[in-house]
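Only one structure is covered here, and it is reproduced in the block below.
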Amino acid sequence: MVNHYTAGKRLRSNDAYTPGGKSGFRPDYATVVYTDILKKLFPDIPVILGGIEASLRRFTHFDYWKNELKPNILSWSQADLLVYGMAEKPLRELVILLQKGIPPEKLNTLPQTAILQDKDSLLPKNKKWEDIELFSHEECLTDKTKFAQNFKHIEEESNRMHPARLHQVCGEKRIIVNPALPPLREKEVDYSFDLPYTRLPHPRYHNKGAIPAFDMIKHSVNLHRGCFGGCSFCTISAHQGKFISSRSEKSILQEVEQIANSEDFKGNISDLGGPSANMYKMRGKDLSICETCKRPSCIFPSVCKNLNTSHQPLTEIYRKADNIPGIKRTYIGSGVRYDMLLNQEATEQEKKTHEEYLKELLTKHVSGRVKVAPEHTSDTVLKTMRKPSFSLFKKFTQKFQKINDEAGLNQQIIPYFISSHPACEERDMALLAAETKSMNFNLEQVQDFTPTPMTLATVMYYTGLNPYTREKVYVARNKEEKQNQRQFFFWYKPEMRQQLESKMKRLGWFDVLKILFPDNSTKKKNDDFKSRKRTGKRKKRL
């Protein structure tokens, strides 16, 4: 749905996953539509769902495009079973059991799967699992607070190493979501990545035109999966989990060699990355602490003291990849988490690796533009986003500039920002415009917040509540409110000036007006002085 529609719910004119970038080749709610087709064609054959859409819709969820709560996708689609997350292991086990002739309805205790059963039936027995019952779908429809409470349980269990089994009544059925398996070990990740992939689109797309999404990643290498950032608006941890599963150095370098030997390769690796650029090999120093942890983020509100943030293994990967014959340069296209690089509580050894990594990154693996995501300038909004203070971004820009100057480089930081996120008000966006102007940024990489299923920000958008504190949160919901916020990204465009000037005068935001349009602010003061001189009266400020 994100691929089909903009944040303003307008149909996109292109599709990055289709030859030629043409739109209209896939339906909305593809999982549900395709399941319906298969059920009609093959009514006696079970349909098993997987992938990110199924993962994020496994419980009652808010659907932004319909502007309503939807039931779990098994109830909605009439599929027989759901495998969620990065599910190589449960999928393999599932296939083995099906090949043995075990019917799908008997596969009710397979980890990392979800099933439907009659609501009054006993839960399938498993003495090792803790059980948590969520408020029913019907209760969520009538009480937003209960929906918010559900999310708190879902997110906490998604981020535990040994989660509970969750279940929820929906109509006459009950969905049972079995606990996820522990993160894959290095050998298991390597086995998955080292299979003999063609590294090409499906044969049906042959000679039908370039596929933009494929062209962007065809010469990139994924180093790990999972993300412990825990950003409020992000779905990665809901699908991949917060624990990092990394490939071995050998597996990664073999793939780099494979790319270097491909016929269409010109010498540049577009990305050595992952969900985040710099979480490779990171894990808890004492895993027994991780086993009891429920934190959705290992780095917010501060970097966990138990987290090993050494960047040495990642720096070594970069250097060894650069030495492979046929490689001219390796670039880092994934977003860099600068909060770990600036962690003052890190050990001295970790800090040394941070400095070394940042210098390596900025002098050898950037094509002139470094992508980072401060997301906002307001600390209130950033706290709601689970992002670090904007003051940390300023410190990063100082380090960035210092390394640039020492290396004689003229590179740019390209910051990413979001408007209309829960807790963000219009004045926050005006202040963002003023703050970023003072840092000489004309913003390019910006977006309006899009609520997607199973994120904290989406729950706040729908309920107007923080599920953890139950405090009210301001939300910009209608088109006018969203547009009013978004326009401040583009204050520097001539066509926006008159509109923004008029708005800021009307609202009395002269502090921001003075920064964005100082010539106008000076002119207004002169006009006010002349008016008072003529009338002998003080002009009333609106």
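FYI, it's all coordinate maths here, none of it is from the lab. Quick caveat, the model's predicted, so the values are computed rather than measured. Cβ placement follows ideal geometry from the backbone for every residue including glycine, while neighbour counts extend to all protein chains displayed.
Just a few scattered comments:
- The charge dipole of segment 19-177, taken about its Cα centre with unit charges on the Cβ atoms of Lys, Arg (+1), Asp and Glu (-1) only, comes to about 420 debye.
- Within the chain, DSSP assigns beta bridges of which about 55% are antiparallel (rounded to the nearest 5).
- Ranking of M454, M1, M460 by count of other Cβ atoms within 10 Å, fewest first: M1, M454, M460
- Equivalent ellipsoid semi-axes - Cα gyration tensor, segment 53-98, angstrom: 26, 11, 6
- The chain: angle of helix 249-260 to the longest principal axis, Cα-based, in degrees nearest 10: 80
- Restriction of the GluC sites (Glu not before Pro) in segment 227-312 to DSSP coil positions whose beta-carbon has at most 16 other beta-carbons within 10 angstrom yields E263, E291.
- Distance distribution P(r), the chain, all Cα-Cα pairs, bin width 20 angstrom from 0: 18, 51, 26, 4, 0 percent.
- Multiplying each eigenvalue of the alpha-carbon gyration tensor of segment 152-283 by 5 and taking the square root yields semi-axes of 33, 20, 14 Å, largest first, rounded to whole angstroms.
- Amide H contacts of F233: A457, each under 5 Å away and 5 or more positions distant or on a separate chain (H built 1.01 Å from N in the peptide plane; Pro and chain starts excluded).
- Between helix 312-322 and the chain: long-axis angle, C-alpha atoms, 0 to 90°, nearest 10: 90
- Radius, Kirkwood style, for segment 14-108 when every pair of distinct Cα atoms is counted (Å): 15.0
- Cα-centre dipole for segment 190-268 with unit charges at Cβ (Lys and Arg positive, Asp and Glu negative), debye to 20: 300
- Degrees separating the helix 30-41 axis from the principal Cα axis of the chain, which is the longest one: 30
- Backbone amide hydrogens, once placed in the peptide plane, bring L465 within less than 5 Å of V473, excluding anything fewer than 5 places away on its chain.
- What you get for the chain, charging only the Cβ of Lys and Arg (+1) and of Asp and Glu (-1), is a dipole of about 2480 debye around the Cα centre.
- Over the residues of the chain, the helix contribution to mean residue ellipticity at 222 nm works out to -11500 deg cm²/dmol, using -39500 (n - 2.57) for each DSSP H run of at least 4.
- log₁₀ of I(q)/I(0) at q = 0.17 Å⁻¹ - segment 19-177, Debye sum with one point per alpha carbon: -1.10
- Integer Hz, Karplus 6.51/-1.76/1.60 couplings in order for segment 280-295, x for Gly and Pro: 4, 6, 8, 6, x, 5, 10, 5, 5, 6, 4, 5, 10, 7, 10, 4
- Under the Karplus curve 6.51 cos²θ - 1.76 cosθ + 1.60, θ = phi - 60°, whole-Hz ³J(HN,Hα) for segment 399-414, x wherever Gly or Pro sits: 5, 4, 5, 4, 5, 4, 5, 5, 8, x, 9, 10, 9, 10, 9, 10
- Residue among Y492, V95, I37 farthest towards the positive dipole end of the chain, charges placed on Cβ: Y492
- Environment charge at W491 (Cβ cut-off 9 Å; Lys +1, Arg +1, Asp -1, Glu -1): +3
- As a proxy for reagent exposure, K144, K305 were ordered by neighbouring Cβ count within 10 angstrom, fewest first; the result is K305, K144.
- With θ taken as phi - 60° and the Karplus curve 6.51 cos²θ - 1.76 cosθ + 1.60 applied, the whole-hertz 3J(HN,Hα) list for segment 7-20 is 4, x, 6, 8, 5, 6, 8, 9, 9, 5, 9, 10, x, x Hz, x standing for glycine and proline.
- Within straight-line reach of K66, meaning a Cα separation under 22 Å, sit the following lysines at least 8 residues removed in sequence or on another chain: K9, K144, K146, K479, K482.
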